[in-house]
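I have placed the structure first, in the form of structure tokens, so that the comments after it can refer back to it.
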Amino acid sequence: MGLIVQKYGGTSVGDTERIQAVAQRVHQTALAGHSVIVVVSAMGKSTDVLVKLADGITSNPSRREMDMLLSTGEQVTIALLSMALHERGQAAISLTGAQVGIITEAEHTRARILEICTERIERHLDEGKVIVVAGFQGTSGGTGSRLGDDLEITTLGRGGSDTSAVALAAAMQAERCEIYTDVPGILTADPRIVPDARLMDEITCDEMLELASLGASVLHPRAVEIARNYGIPLVVRSSWTDQPGTLVTGPMPQPRALEGLEIAHPVDAVEFDADQAKVALLRVPDRPGVAARLFGELADQSLNVDLVIQSIHEGNSNDIAFTVRSHVLDQAESVAEHIAPILRSQPNATDEAEVQSSGKIAKISIAGAGMIGRPGVAAGMFSALAAANVNIQMIATSEVKVSCTVAQSDCDRAIATLCEHFDVSSSPARIERTQLDLSSLPSVRGAALDLDQSQLAIRYVPDEPGLAAKIFQILADRGISVDMIIQSQRSRPCQGQMTRDIACTVAQADAELAKDILRAAAAELNCGEVTVEHAIAKVSIVGIGMIHRPGIAAAMFKALSAANINIRMIATSEIKISCVVAQDNGVQALKVVHAAFDLAAAIEVPV
Ligand code: ADP
Ligand code: ASP
Ligand code: MG
């Protein structure tokens, strides 16, 4: 029988009783004839307790010392679990990240795994021992390492034990990786917010990657990325029961070297659709129901929209833009033309609602799970396009994809530039996911809420190639990842030049720094004011089944409108739709969206 990697999260090892229960399960797995590697988190909330201790000393701790501090939490658990296994007569040895050979980059508090030296693991497994590994940590440098500098303890970022586990499973070619936690598996939403969320039997890696990045904290997105890239069967289950939990499924991956585990090839493919058209509805009233109305009518005519973008607004009006395939441009345009006068005649109307449309645009995307948390990748795309003198019209981002619309005549040049820049040989036209029968999949698999983001707005950005590149490169250079990036549709003259506004969301913890950096750079970039708004929430729906199915965006906007929730920004990718709303509306927004797609369980899943 093969090797199984099991990972137990904080609550699952929250006290000595729980550690005994974990030891029991591990022992049984070993008795059944499996080799076992166990990865554990710090007990209960002890990582949070350590963070608070540091807070009591300084508001600006060194990231190296934070790693030194936080890595101690897991070390407690490995020793106790090994003892509990010894008590049962099970041979076991505890190892820290460094001892087990998890080599990372020298980026404290958010290190990526470069490789895992497996000799020591193999030796102890041959001795019949269960290996108990401290999750969330690794080592960089050290004599004898190819990096050659001082040995350092690094951590992978909060929630990173999942990533340690899946990386070990990949390095050891384990039969499967089991993530044991305090819920029965992956649910259609966080059961702590939506008590009637339904347990899923399975979910695809692509969907889980989006959900995990959009706030479903049950899995660390980087763990899903590794499982997807290396084809590791991944299961999420309760550590309290024997229920099967949720299987995260993926297509057979291309063979991949283990070297540079988390850093090789951030971009897997450059994709394009050279046959799109764009419709923008400018200066529509900023109040609930407008997006619902527009997309409701498009859905009634079975028009499938691809990208949807609503940018930040000025005054009391919004701009909404979407793309469709070009053969339905006329139809989509007449829906928008029909709605514009109705919006103009309503209370608070700006009297200016206007439709703009353009055919002959191309959507170019870079795709790859390796871009998660690597701010330089999107910036690299924008710079490469700018260097090729390609102007970017719209930008739509997800954690694993960045799409830009450009003029159709720039399409070939853009593809060639991006393939070269990211060292990608394939450029598949408009992916049709032929491996999956989309009609058999639910159009929405799950919903998520992210309350940890802030919104940055940069006004009056000159509308010329290279500006987006510069802005996001400046943030990337300081290690700040941006999430939704939205460029306004409306352009306005300012000091004799056409300008647009750009908005993005960043982690709340990075927001003030990002604002200061951009303010400092604004003069040089010739941009206007930079503002930050903390009280936002992002609610998202995810499902591969929404590709080619009209009406999904409409149903989400309608649910928010029926609850009188105003949508501030919209960003989509092929398999997700995200809306930014006021933070106070976040929880209710998640609930109403979850209910709108019939995701509830017949009976509440106990948590
Ligand atoms: P662990 O300590 O085991 O790693 P986490 O707290 O990191 O546990 O992850 C489990 C938690 O994730 C659950 O308690 C639940 O509140 C939260 N969660 C968020 N979204 C989801 C979801 N879609 N399905 C299941 N759990 C979710
Ligand atoms: N203990 C770490 C944390 O709380 C890592 C983990 O549990 O995955 O973030
Ligand atoms: Mg976790």
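For residue 554, work out the one condition from (1) surrounded by fewer than 20 Cβ atoms within 10 Å (Cβ to Cβ); (2) under 25 Å from residue 290 (Cα atoms); (3) over 21 Å from the mean Cα position of the chain (by Cα) it doesn't fulfil. Result: residue 554 fails condition (1) only. Residues that are among the polar types (S, T, N, Q) and within 15 Å of ligand 3 (Cβ to nearest atom) within segment 218-257 comprise 238, 239, 246, listed in sequence order.
Quick grid of which residues meet (1) more than 16 Å from ligand 2 (Cβ to nearest atom); (2) under 10 Å from the mean Cα position of the chain (by Cα); (3) in a helix (DSSP H, G or I); (4) surrounded by fewer than 23 Cβ atoms within 10 Å (Cβ to Cβ):
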{"position": "184", "(1), (2), (3), (4)": "yes, no, no, yes"}
{"position": "191", "(1), (2), (3), (4)": "yes, no, no, yes"}
{"position": "224", "(1), (2), (3), (4)": "no, no, yes, no"}
{"position": "227", "(1), (2), (3), (4)": "no, no, yes, no"}
{"position": "232", "(1), (2), (3), (4)": "yes, no, no, no"}
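Look at (1) farther than 26 Å from residue 150 by Cβ; (2) away from ligand 1 (no atom under 16 Å from the Cβ); (3) more than 28 Å from the chain's Cα centre (by Cα); (4) buried (at least 19 other Cβ atoms within 10 Å of the Cβ) and you find that residue 100 fails only one, number (1). Can you name every residue in segment 262-290 that is crowded, with 23+ Cβ neighbours inside 10 Å and closer than 21 Å to residue 231 by Cβ? Across segment 262-290, the qualifying residues are 262, 267.
Among the residues of segment 19-56, those that are within 11 Å of ligand 1 (Cβ to nearest atom) and either surrounded by 22 or more Cβ atoms within 10 Å (Cβ to Cβ) or among the aromatic types (Phe, Trp, Tyr) (or both) comprise 39, 40, 41, 42, 43, 47. Apart from one condition, residue 12 fits all of (1) more than 30 Å from residue 259 (Cβ to Cβ); (2) surrounded by fewer than 16 Cβ atoms within 10 Å (Cβ to Cβ); the exception is (2). Within segment 193-217, the residues that satisfy the criterion of being within 16 Å of ligand 2 (Cβ to nearest atom) and either more than 16 Å from residue 541 (Cα to Cα) or in contact with a Leu (Cβ under 7 Å, 6 or more places away or on another chain) (or both) are 212, 215.
A residue that is more than 10 Å from ligand 2 (Cβ to nearest atom), in contact (Cβ under 8 Å) with a residue 12 or more places away in the chain and over 26 Å from residue 116 (Cβ atoms) can be found somewhere in segment 22-37. Residues that are of a type in the set (A, V, I, L, M, F, W, C), in contact with a helix residue (DSSP H, G or I) (Cβ under 9 Å, 6 or more places away or on another chain) and at pLDDT 85 or above were ranked within segment 447-471; the one that is farthest from residue 541 (Cα to Cα) is 461.
Based on this model, can you work out whether residue 124 counts as crowded, with 16+ Cβ neighbours inside 10 Å, away from ligand 3 (no atom under 16 Å from the Cβ) and modelled with pLDDT under 95? Spelling it out, it is not the case that residue 124 is crowded, with 16+ Cβ neighbours inside 10 Å, away from ligand 3 (no atom under 16 Å from the Cβ) and modelled with pLDDT under 95. Among the conditions (1) touching a strand residue (DSSP E or B) at 6+ places or on another chain (Cβ under 7 Å); (2) under 22 Å from residue 264 (Cα atoms), the only one that residue 170 does not satisfy is (1).
Consider segment 149-162 and keep the residues that are more than 11 Å from ligand 1 (Cβ to nearest atom) and among the hydroxyl-bearing types (Ser, Thr, Tyr). The one that is farthest from residue 48 (Cα to Cα) is 154.
The listed residues are 115, 178, and the only one of them that is away from ligand 3 (no atom under 16 Å from the Cβ) and of a type outside the set (S, T, N, Q) turns out to be 115. Within segment 194-218, the set of residues being touching a residue at least 60 places away in the same chain (Cβ under 8 Å), part of a loop (DSSP other than H, G, I, E, B) and either in contact with a helix residue (DSSP H, G or I) (Cβ under 7 Å, 6 or more places away or on another chain) or aliphatic (A, V, I, L, M) (or both) comprises 194, 200, 214, 216. Counting only strands (runs of 3 or more DSSP E) that sit completely within segment 535-584, those holding 2 or more residues that are under 17 Å from residue 444 (Cβ atoms) and out of contact with any Leu (no Cβ under 8 Å at 6 or more places or on another chain) correspond to 569-573. Of all the residues in segment 86-145, those that are of a type in the set (Lys, Arg) and within 14 Å of residue 172 (Cα to Cα) number 2.
Examine segment 36-45 for a residue that is polar (S, T, N, Q), within 16 Å of ligand 3 (Cβ to nearest atom) and closer than 18 Å to residue 161 by Cβ, and state whether such a residue exists. Yes: segment 36-45 contains one or more residues that are polar (S, T, N, Q), within 16 Å of ligand 3 (Cβ to nearest atom) and closer than 18 Å to residue 161 by Cβ. For residue 228, the requirement of being among the basic types (Lys, Arg), more than 26 Å from residue 43 (Cβ to Cβ) and more than 8 Å from ligand 1 (Cβ to nearest atom) is met.
The values are calculated or read from the model by the stated rules, or taken from the named source; none is laboratory data. As the structure is a prediction and not an experimental result, all values here were calculated from the model. Here the Cβ is made from the backbone with ideal geometry for all residues, glycine too, and neighbour counts use every protein chain on show.
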